[in-house]
1. Return one number: the angle in degrees, 0 to 90 and rounded to the nearest 10, between the long axis of the Cα atoms of helix 85-94 and the longest principal axis of the Cα atoms of the chain.
2. Taking amide H atoms as placed 1.01 Å from N in the peptide plane, list the residues 5 or more away in sequence, or in a different chain, whose amide H sits under 5 Å from that of Leu28.
3. So how much slack lies between His45 and Asp63, counting 0.36 nm per residue of separation and subtracting their Cα-Cα distance, in nm?
4. Sort the following peptides by mean Cβ neighbour count (other Cβ atoms within 10 Å, averaged over residues), highest first: 95-102, 181-188.
5. Based on the alpha-carbon set only, what is the convex hull volume of region 61-182 divided per residue, in Å³?
6. Charges on Cβ only, +1 for Lys and Arg, -1 for Asp and Glu, centred on the Cα centroid of the chain; of Gln73, Ala31, Val172, which one is farthest towards the dipole's positive end?
7. Go ahead and estimate [θ] at 222 nm for the chain from helices alone: -39,500 (n - 2.57) per DSSP H run with n ≥ 4, summed, over the residue count, rounded to 500.
8. Note the full-extension length gain between Gln170 and Arg118 as 0.36 nm times their separation in residues minus their Cα-Cα distance, in nm to one decimal.
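Bear in mind that the values in this text are calculations on the coordinates, not laboratory data. Note that the coordinates shown come from a computational prediction; the quantities given were computed from them, not determined experimentally. Here Cβ is always computed from backbone atoms with ideal geometry, including for glycine, and neighbour counts include all displayed protein chains.
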Amino acid sequence: MDIKVLIIDDDVELCELLSEFLALEGFLSHAIHNGQEALEHCKEHHYELIILDVMLPGMQGLDVLRALRKFTQTPVLMLTARGEDTDRIVGLELGADDYLAKPCNPRELAARLRAILRRVRPTQEHSTELRVGELQLNSSQRQASYANAELPLTSAEFNVLFSLLSRAGQVVDKDTLCREALGRPLSAYDRSIDVHISKIRRKLAELGGEQLVLSVRGVGYQYAADSQERGQ
């Protein structure tokens, strides 16, 4: 069965090329070239993945992403101008799952999309429920809670936190987190994991979970083994 993908990009020719290639890879694509129109469309139609260009006429891609996250957690891969680190960081802060610089290799785009799908579609045999202190994660249902309150996470945030929680009390290096949570090795100057960690901390803090995710300078991050005491 084809995987439904929405492409939001004003470059009509690029959308046609990507759609043709993705069709060969098992993706059924639909393209919309206007941000506001795409938002209204997403309220009525479901997609398994969204490809979103940051540079859109009228309503900018980051504004589209901000609005999307108010009503859907559909995974979003951003297309950014090469070298525009600020757009990437802001996009991740707003809830994007991954990014790819334009011009992009269609094969890499397909690989990134499949990596996202693997993260959001865990197989039943790997279904796991983890609980440390007040934090609970269920990988099959992709649900998270803290102190019995729902913890809303994007797919990337869920996977980062799952990797940390499965090794509670241990330091997990950034490359391991990047491979497990984002499906790719850590590259130079890539701050994706740092941004996701920042958002996870903020969301936990809103539910009363302070100082649960610790930084280990020059190495990575650690979920505190004594998190139940820290969370109180």
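1. With rounding to tens, the tilt is 70 degrees.
2. Under 5 Å from the amide H of Leu28: Ile3, Lys4, Val5.
3. 4.5 nm
4. Numbers: 95-102: 21.9, 181-188: 15.2.
Result, highest mean first: 95-102, 181-188.
5. Considering the Cα atoms of region 61-182, their hull volume per residue is 121 Å³.
6. With unit charges placed on the Cβ atoms, the residue in question is Val172.
7. On the way: 9 runs with 95 residues, N = 232.
Using -39500 (n - 2.57) per qualifying helix, the result is -12000 deg cm²/dmol.
8. On the way: separation 52, 0.36 × 52 = 18.72 nm, distance 2.49 nm.
The Gln170-Arg118 span can extend by a further 16.2 nm.
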